[in-house]
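The values are calculated or read from the model by the stated rules, or taken from the named source; none is laboratory data. These numbers were taken from a predicted model, which means no experiment stands behind them. Counting neighbours? That spans all protein chains shown, and the Cβs are built from the backbone with ideal geometry, glycine included.
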Amino acid sequence: MVEGGRNTVESKEKKAKDCLLVDKYNVEASEILANEAQHLPISEAVPIYEQLLSTFPTAAKFWKQYVEAVMAANNDDATKQIFSRCLLNCLQIALWRCYIRFIRKVNEKKGTEGQEETRKAFDFMLNYVGSDIASGPVWMEYITFLKSLPATTAQEESQRMTAVRKAYQIAIITPTHHVEQLWKDYENFENSVSRPLAKGLIFEYQPKYNSAKAVYRERKKYVDEIDWNMLAVPPSGSIKEEQQCLAWKRLLAFEKGNPQRIDSTSSNRRVIFTYEQCLMYLYHYPDIWYDYATWHAKNEPRDAAIKVFQRALKALPDSEVLRYAYAELEESRGDVQAAKKVYESLLANSVNATALAHIQFMRFLRRTESVDAARKYFLDARKSHNCTYHVFVAYALMAFCLDKDPKVAHSVFESGMKKFMHEPGYILEYADFLCRLNDDRNVRALFERALSLLPLEESVEVWKRFTQFEQTYGDLASMLKVEQRRKEALSGTGEDGSSTLEFSLQDVVNRYSFMDLWPCSSKDLDYLTRQEWLAKNINKKVERAALPNGASLADKNLSGPLTDSKTSTQFGKIIFPDVSRMVIYDPRQKPGPGYLPNAPVPGLPTIPSFASPLVTNIGGVGTAKTLEEASKLLSPALVAFMAQLPNVEGPSPDVDLVLSILLQSNIPVVGKMAPPLMQNPPSGPNQSAANEVPSSNKPWAKFNGSVVRPGQPAKRKEPDQPDEEDNNAMTQSRQLPVDVFRLRQRQRQQHQRGHRVGLASSSQQTGSLSGGSGAVSGGAVSGEPSGSTE
């Protein structure tokens, strides 16, 4: 048994390690590994803890397990080293109480010197975590420790009482879970020392205590939303992570508002403590680090903000935006050299240096040093392997807009054309620059040169900008000529979308629009957009219709040379939707000749339609089963209900009409949802018809006076033979939902009377059903059989 249990533990540990090799931030595997480490010897557990803490450096529970394992091995030096690594970064009460236990254990035999060391340790702990909402037990332990200190003289006794009183007075104004208990202890303490003095001190601190208690109640609402067992992992966008982030931000906003109205120094210390606790769990969130640093820059000396940025870059070394924020802070405080070092650290690794980093450093040199420094750096950066066309554009615009030197900018763009002629984005930026120079001849030459070299699929945006340029700066002939060339060039790519090379009204709209001004109404624009979309898909519909059995082009391409036999076999089982029948929804549209409600789809069974009394072939495509054939397969009650449904035009039917038909239908109710039957059903000749509950056991159903039997078609009127009685019945059925509640009340009264009277005569119950103003018989209203059904 022992050997089997050991193998199980080893298998769990191995699986957890394998998971961490794939994803080192796997929370479940990390917790399994930490739990397994608790049962291992210290020599085997230490590597596991070090591995976990290298991934989760702010996981207080892992630090606590680690240090307790080392303390159990009586290794005081290793324990001190672990505490020095984790205490200041993990402001958690449980970990700090473990620290104070260790200090008291070490100093318990050192006498007065050991007591002084313990007192200093308590002061050190309360200075960092004394404002925690869970720090009440720590304050109590500290006060108990102070009371236990020996006092041999009156002066020592006075000093001890003063220290105890000071600790109480700080504790009772701190919003903690134990603030009420601390207040009671403080009252007892003062009364035990001196009642006259206690009266004045209690009167002085009573308002402060009340304020702390009120703030505690508000603070607790925010604290209860936080998951204190959460591990610090990079944001993945999960709902829980977002909720925790919002909960911490609400708590931070609450603390920044200084709800207790204490002095600014104490308030700032609470805000700092809350930020430090927040970073234990949101360690990988750059916005939290940035908010913490900017808060320091506004409320504290800027050196504290710099330290926060340095810690942030250590936690998130790949965060480029935090480096920019750090450099911005240094530059704003006038330390240009420190800001330059931040940029240089970003660019030190040429592999990770990005084009954006080159651009931002070039701009930094331009505004802090000189134009020549920026130009010199550009000449070096353009030789880098990660230099993109963005660097050329950025420096050219800098020379043009800031240095007012269009010649340098033009030469930079021209030099970039040798390297980035294949980039449509670079072509468009160069064209914009030439437009600013009013150099329309070179703009046209640039477009012509680029379009002759770019592939068709990459030239869409260039053609679009060329067309816009001619619409703005060219004459009518050049405008129409470029549009025609664009249509001819893009007609085969599917990007232009025109199935014909002729001009459409949409082209006229595009030519004569300006910014957000259009030469037509929004309705006309929507109509033209729909027509343009339909025109784009005309050819696709024709090709699809030409394929056998409605197979799609995607199905045809799957068997092409790009797919092997295995892939084609797999995809052959997939049923693709017939996208050629997709149209833009318009509630005004009505079924026309192209509306095929029962068109067959390859691989799917044909669904019969029961909505209309007669289903005929539309357009010669497909067939539909009639109601008579379907009644053999479906429940008789369901057939009767569906037979009474009207024809519907649009996305939704008339709800009241459907409800009225449903109330009149004799649909069987099964299971627990059946209405309760009367325990003592009344007897009478018409009782089986008057109070009968529909049941699925009956092989037939009566619906509005017509009997539907298995294998017998439901009787319906032909559409070419209208009848006034049917019209009147339809009119009455539309008005029935108005009396639904009255009907339910009558039925409820009938059940109550039947339960109250017991066995009663059939005539009395019939009278109770039909009595009252505007009464209608239950069978006529609800559709239940009211007479003999034979």
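Keeping to the range 173-213, report how many residues are in contact with a Gly (Cβ under 8 Å, 6 or more places away or on another chain) and among the polar types (S, T, N, Q). Count: 3. Residues in the range 227-248 that are outside any helix (DSSP H, G or I) and aliphatic (A, V, I, L, M): Met230, Leu231, Ala232, Val233. Taking the numbered list (1) among the polar types (S, T, N, Q); (2) under 22 Å from Arg97 (Cβ atoms); (3) part of a helix (DSSP H, G or I) in turn, Ser131 passes all entries but (3). Among the residues making up the range 135-173, a single one is surrounded by fewer than 16 Cβ atoms within 10 Å (Cβ to Cβ) and under 41 Å from the mean Cα position of the chain (by Cα): Pro137.
Residues in the range 199-216 include none that are outside any helix (DSSP H, G or I), surrounded by 11 or more Cβ atoms within 10 Å (Cβ to Cβ) and out of contact with any Ser or Thr (no Cβ under 7 Å at 6 or more places or on another chain).
Criterion first (modelled with pLDDT of 90 or more and surrounded by fewer than 13 Cβ atoms within 10 Å (Cβ to Cβ)) does Ala477 satisfy it? It is true that Ala477 is modelled with pLDDT of 90 or more and surrounded by fewer than 13 Cβ atoms within 10 Å (Cβ to Cβ).
For (1) modelled with pLDDT under 95; (2) of a type in the set (Val, Ile, Thr); (3) within 27 Å of Lys61 (Cα to Cα); (4) touching an Asp or Glu at 6+ places or on another chain (Cβ under 6 Å), each residue gets a yes or a no:
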site: Glu255; (1), (2), (3), (4): no, no, yes, no
site: Arg261; (1), (2), (3), (4): yes, no, no, no
site: Ser266; (1), (2), (3), (4): yes, no, no, no
site: Thr274; (1), (2), (3), (4): no, yes, yes, yes
site: Arg302; (1), (2), (3), (4): yes, no, no, no
site: Phe309; (1), (2), (3), (4): no, no, yes, no
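In the range 293-307, the residues that are closer than 15 Å to Thr265 by Cα reach residues that are among the β-branched types (Val, Ile, Thr) and part of a helix (DSSP H, G or I) with C-beta atoms within less than 6 angstrom, at least six apart or across chains, in these pairs: His296/Val308.
The condition of being under 30 Å from Arg530 (Cβ atoms), modelled with pLDDT under 90 and surrounded by 19 or more Cβ atoms within 10 Å (Cβ to Cβ) holds for Leu490.
Residues in the range 530-553 include at least one that is at pLDDT below 50, within 24 Å of Pro577 (Cα to Cα), polar (S, T, N, Q) and over 36 Å from the mean Cα position of the chain (by Cα).
Residue-wise test of (1) buried (at least 18 other Cβ atoms within 10 Å of the Cβ); (2) in contact (Cβ under 8 Å) with a residue 60 or more places away in the chain; (3) not β-branched (Val, Ile, Thr); (4) not in a loop (DSSP other than H, G, I, E, B).
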position: Ile272; (1), (2), (3), (4): yes, no, no, yes
position: Leu279; (1), (2), (3), (4): yes, yes, yes, yes
position: Arg323; (1), (2), (3), (4): yes, no, yes, yes
position: Glu328; (1), (2), (3), (4): no, no, yes, yes
position: Tyr343; (1), (2), (3), (4): yes, no, yes, yes
position: Arg366; (1), (2), (3), (4): yes, no, yes, yes
position: Asp372; (1), (2), (3), (4): no, no, yes, yes
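Surrounded by fewer than 20 Cβ atoms within 10 Å (Cβ to Cβ), among the small types (Gly, Ala, Ser), over 30 Å from the mean Cα position of the chain (by Cα) and not in a helix (DSSP H, G or I) - does that describe any residue in the range 93-101? No, there is no match, as no residue in the range 93-101 is surrounded by fewer than 20 Cβ atoms within 10 Å (Cβ to Cβ), among the small types (Gly, Ala, Ser), over 30 Å from the mean Cα position of the chain (by Cα) and not in a helix (DSSP H, G or I).
Here are Lys105, Lys109, Lys64, Lys80: which of them is in contact with a helix residue (DSSP H, G or I) (Cβ under 7 Å, 6 or more places away or on another chain), of a type in the set (Lys, Arg) and either crowded, with 16+ Cβ neighbours inside 10 Å or farther than 18 Å from Ser135 by Cβ (or both)? Break it down stepwise before answering.
Values: Lys105 fails: in contact with a helix residue (DSSP H, G or I) (Cβ under 7 Å, 6 or more places away or on another chain); Lys109 fails: in contact with a helix residue (DSSP H, G or I) (Cβ under 7 Å, 6 or more places away or on another chain); Lys80 fails: in contact with a helix residue (DSSP H, G or I) (Cβ under 7 Å, 6 or more places away or on another chain).
Result of the check over Lys105, Lys109, Lys64, Lys80: Lys64.
Taken over the range 441-464, residues that are under 21 Å from Met515 (Cβ atoms) and surrounded by fewer than 19 Cβ atoms within 10 Å (Cβ to Cβ) amount to 2. Taking the range 104-128 as the range and being assigned to a helix (DSSP H, G or I) and at pLDDT below 90 as the test, the residues that pass are Gly111, Thr112. Applying the condition of being acidic (Asp, Glu) and not in a helix (DSSP H, G or I) to the range 281-321 and asking which residue is farthest from Leu346 (Cα to Cα) yields Glu300.
When Leu251 is tested against the conditions (1) among the aliphatic types (A, V, I, L, M); (2) farther than 24 Å from Tyr326 by Cβ; (3) at pLDDT below 95; (4) in a helix (DSSP H, G or I), the lone failure is (3).
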